[in-house]
Amino acid sequence: MKKIKIASIWCEGCSGCHMSFLDMDERLVELINKGLEINATPITDLKIPDDDTDIGLIEGAVATDHHEEEVKMMREKCKFIVAIGDCAVFGGIVTMRNYIPTDELLKRGYIETESTVEGKIPTSPELGKHLPKVKAVNEIIKVDYYIPGCPPSADAIYYVLNEILEGRKPILTGDFLKYE
Amino acid sequence: MEKIKIKINGQEVEVEQGKTILQVAKELNLHIPTLCNFEPLLPQGSCRICLVEDRGKFVTSCTTQVAPNMDVKLDTPDVIASRNLILQLLFTERNHYCMYCEASGDCELQKLGYEFGLDHFEFETYERKFTVDNSHNYIVIDPNRCVLCRRCVRACSQLAGHNVLGEMNRGIDTTIIADMNVPLGESSCTSCGLCVQVCPTGAITDKRSYYFGKDIQTEEIYSNCDQCPVGCGVKIYKKKGSNFIVKIYGDFDKENEGILCKLGRYAALFEEKSRLTSAKIKDDFGFKKIDFDGIIKTINEKMEDSVVYVDGSLFNEELSLIKKVFKDRVFSLYENEPPIESNVSIDDIKSAKDYIVIGVDLNREYGVIGSFIKRKIFSKNGRLILFDSNYNSLKNVANYVFGIDELESGLEKLKDLDSPIIIYKNLSEKETEILSKNKNFRFFYLPFETNSIGLLKENIKHKIEKSKNIIFIGKNLQGLKDIAKESFTIVFTPYETDEINKFDLLIPINDGFEREGSFYNVDGKVINKAKVLDSKFETFDLKAILEELIKVKSL
């Protein structure tokens, strides 16, 4: 049986979509029995997917230069890219910051928060630098399939993965297609 | 109507001339997606989502009337591709991220997205920040969520007749504004809230229902408003499984055509008066609590030597029970006979040409009647003559304004009136005399209490009589102060007010949405009000007390 390698990353997201992925429960075993092999994901804690990965799941919007690099890396390593969740698909809740200048936002978040005493905006060089605007994944790389939803249901994720495994093109309709 | 033949999706059909393609398609049960179109409003064709193909040309089906030889195709690949593109453009312009929008779940743009299977944005989203207008007491306008369908603008002028909302700038900069671009809270808005009801997205929302869930999480209850005797049809959204009304919308199928006023839509929910929370009786040491049996016993003892006063807030069922218990000792505390009887209905108001309003500010009270008149004035199909010496916001729209003392001379000057409708609340004897002289005048009386007409029908007249014991049932305690001084006074009322402690037995009754019953509206029609909420206090159902009194008496 040919193995289908799957990798996932999460950028500017809340991990809710990965929770939904795990929420597939025993169907995950079913998919593994069908040939799914879980490669580099936040769940396995491996950072770099293999070069011959078949499916790359991306959760979260692209908000920093690190995210930009990561999604580009995913595109290089994976045959199909699936954007999961509203953040990856549209930009999502993270785009709220697009309506506020970044300096003002960081000041509000790290210094002026009501519960903060002597706050400081993090400046470590290890941190990614904010892009001027939060973007959806398809504004950076080509995306093959989309699963919107906040988070998408486990059913929708299962449906899409199963369709890809069976060699069909997934088309979301009805309850699977939700923006919230 | 003349019939013509056109082709729809290749099939020849006979249709009525003058109808739009969209209307014809609807009659044939063919689906065309729409967004800016809203049935009672004139079509505008601003969203373009309803386009169809007619002999190789794209036309918007909501604005295009059927014409001979038309060959309409509703969903060719080209049409579908265009609609998809339009939807993409609608979504990418401004902030249409659903998950942090109040309207998500009830949004018509979102529904279109689901219908078209839109699963990503093809274009880079365009972020421009418009200021959210939070200045109004009840309404928030967020232009970032706006799709510029202009439903609100059309509803404000065509239906509600207020002409407050308009638009400013062009293209992507277009924004919906109030008056000459002032914050809505400072504008001439009368808080009728129709714009909230027609808005397809989360651009105009009301503050109370903000983030209180979707419509499917509510129970929709059709009822009538009892804030004034116009008795508009309302649709009440009650949160499922809780004792809470999320919002009140107007009922488009009733006489009020979906329009409500501030009183019906907002005041009924927002202005919570402090309530009388339990029954209490005064003795030498002050007030002490009293139970149902105690109430019945006390009333039964005092009944012999008592008069009963009521006001117009009571429903027909309650009034007839009161009559049954207290017979001819029931009086209205307030004057309720019309100075001149009404002889026209609400429908006549909608179709009349000339209106004479005497001493009523129809923007503040009886707002829906005001809407019917104002929309005729703005569309230049009617004239408004106002007689009022006090401040009256109708002055800005009236064609002629006179002081109330100029009634005779004013009417003298206006000889060309086309059987005008006189709209009034109180008239002095002199005014009544002047008006009754004119043979071609039609009269529309606005009673100041909800069920004034019900009082008249039950033959309960205004009269003040002295008695050892006084029983008052109603909301308006104003007139009770002077007559209740030396008597034992029993008061059935929902509210706790300053003067209430002067009385002897206080019985809290259900109020507003806690009671059900019927009343007569201005047209003399019986109108029902449904029970929606349960009382949060130890209040009594007036009808239960009255029925118990009947039982006790018959023993």
For segment B:215-270, what is the relative contact order in percent, using Cα pairs closer than 8 Å and at least 6 residues apart in sequence?
28
If we sort A:74-85, B:240-251, B:275-286 on the protection proxy, mean other Cβ atoms within 10 Å, highest first, what's the order?
A:74-85, B:240-251, B:275-286
What are the extents of the Cα atoms of segment B:108-206 along their three principal axes, in Å, largest first?
41, 25, 23
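Working from the pairwise distances between different alpha carbons, so that the mean of 1/r is found and then inverted, what is chain B's Kirkwood radius in Å?
Details: mean 1/r = 0.0374 Å⁻¹.
Result for chain B stands at 26.7 Å.
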Please list, or write none, the aspartates and glutamates whose alpha carbon is within less than 17 Å of the alpha carbon of B:Lys247, excluding same-chain residues fewer than 8 places away.
B:Glu102, B:Asp106, B:Asp206, B:Asp215, B:Glu219, B:Glu220, B:Asp226, B:Glu271, B:Glu272, B:Glu514, B:Asp534
Set the bar at 31 Å for Cα to Cα. Now go through B:Lys7/B:Lys254; B:Lys57/B:Lys376; B:Lys297/B:Lys481 and name every pair that lies beyond it.
B:Lys7/B:Lys254; B:Lys57/B:Lys376
Within segment B:1-40, list the GluC sites (Glu not before Pro) lying in a DSSP loop whose Cβ has at most 14 other Cβ atoms in a 10 Å radius.
B:Glu2
Gap in Å between the Cα centre of segment B:275-353 and the Cα centre of segment B:197-256?
29
Net charge near B:Asp405 (other residues with Cβ under 11 Å of its Cβ; Lys, Arg +1; Asp, Glu -1) is -3
What does the structure give for B:94-105 when I average, per residue, the other chain Cβ atoms found within 10 Å of the residue Cβ?
5
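Below 8 Å between Cα atoms, with a sequence gap of 6+, how large is the relative contact order for segment B:346-445 in percent? It would help to have the intermediate numbers written out before the result.
Details: 149 pairs, mean separation 30.2, N = 100.
About 30 percent, as a whole number.
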Using a Förster radius of 25 Å, what is the FRET efficiency between B:Lys353 and B:Lys525 based on their Cβ-Cβ separation? Nearest 0.05, please.
0.55
Would you list, by chain and number, the aspartates and glutamates whose Cα falls below 19 Å from the Cα of B:Lys430, excluding same-chain residues fewer than 8 positions away?
B:Glu335, B:Glu337, B:Glu341, B:Asp388, B:Asp405, B:Glu406, B:Glu408, B:Glu412
What are the radius of gyration and Dmax of the protein assembly as shown, computed over its Cα atoms and given in Å?
32.7, 101
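When all alpha-carbon pairs of segment B:3-75 are counted, what percent fall beyond 14 Å? Walk me through the numbers on the way to the answer.
Numbers: 1399 of 2628 pairs.
Cα-Cα pairs in segment B:3-75 separated by more than 14 Å: 53 percent.
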The summed charge of the B:Ser46 Cβ neighbourhood (under 12 Å; Lys/Arg +1, Asp/Glu -1) stands at +3
Helical contribution to [θ] at 222 nm, DSSP H n ≥ 4, -39,500 (n - 2.57), averaged over the protein assembly as shown, rounded to 500:
-6500 deg cm²/dmol
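So which trypsin sites (Lys or Arg not before Pro) in segment B:140-176 are both in a DSSP loop and have at most 14 other Cβ atoms within 10 Å of their Cβ? List each step's numbers first, then the result.
Working: sites: B:Arg145, B:Arg150, B:Arg151, B:Arg154, B:Arg170; in loops: B:Arg150, B:Arg170.
Counting only loop positions with at most 14 other Cβ atoms within 10 Å, the trypsin sites (Lys or Arg not before Pro) in segment B:140-176 are B:Arg170.
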Identify the GluC sites (Glu not before Pro) of segment B:405-473 meeting these criteria: DSSP loop state and at most 13 other C-beta atoms within 10 Å of the C-beta.
B:Glu465
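May I ask you to compute the full-extension gain from B:Ala267 to B:Asp283, defined as 0.36 nm times their residue separation minus their alpha-carbon distance, rounded to one decimal in nm? Write down the numbers at each step before the final one.
Details: separation 16, 0.36 × 16 = 5.76 nm, distance 3.66 nm.
Contour length minus the Cα-Cα distance gives 2.1 nm.
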What average number of partner chain Cβ atoms lie no more than 10 Å from the Cβ of the residues making up B:121-132?
3
All-pairs Cα distance distribution in segment B:215-270, expressed in whole percent, bin size 5 Å:
5, 22, 31, 23, 13, 5, 0
Which FRET efficiency value, to the nearest 0.05, do you get for B:Asp541 and B:Lys214 by plugging their Cβ-Cβ distance into 1/(1 + (r/R0)^6) with R0 = 25 Å?
0.15
In nm, the gap between the two label points placed 7 Å beyond Cα toward Cβ at A:Ile48 and A:Met73 is 0.7
Flagged as over-length at 20 Å C-alpha distance, from B:Lys485/B:Lys551; A:Lys79/A:Lys142; B:Lys214/B:Lys240; B:Lys273/B:Lys324; B:Lys273/B:Lys525, the pairs are B:Lys485/B:Lys551; B:Lys273/B:Lys324; B:Lys273/B:Lys525
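How much net charge surrounds B:Ser157 when only the other residues with a Cβ under 11 Å from the Cβ of B:Ser157 are counted, with Lys and Arg +1 and Asp and Glu -1? Walk me through the intermediate numbers first.
Details: positive: B:Arg150, B:Arg154, B:Lys374, B:Arg375; negative: none.
Local charge sum for B:Ser157: +4.
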DSSP beta bridges in the protein assembly as shown: the antiparallel percent, rounded to 5, is 45
Got the relative contact order for segment B:220-338 handy, in percent, Cα pairs under 8 Å and 6 or more residues apart?
13
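Please state, rounded to one decimal and in Å, the Kirkwood hydrodynamic radius that segment A:47-180 gives when every pair of distinct Cα atoms enters the mean of 1/r.
Values: mean 1/r = 0.0611 Å⁻¹.
16.4 Å is the Kirkwood radius here.
Once you sort the root eigenvalues of the Cα gyration tensor of segment B:346-445 as a ≥ b ≥ c, which label holds: rounded (a/c under 1.5), prolate (a/b larger than b/c) or oblate (the other case)? Spell out each step's value before the answer.
Details: a/c = 1.44, a/b = 1.22, b/c = 1.17.
Since a/c stays below 1.5, the shape of segment B:346-445 is classed as rounded.
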What are the radius of gyration and Dmax of segment A:51-125, computed over its Cα atoms and given in Å?
16.2, 49
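No value in this document is a laboratory result; all are computed from the given coordinates. No experiment lies behind these values; they were computed from the predicted model shown. Please note: Cβ atoms are built from the backbone with ideal geometry, for glycine as well, and neighbour counts cover all protein chains shown.
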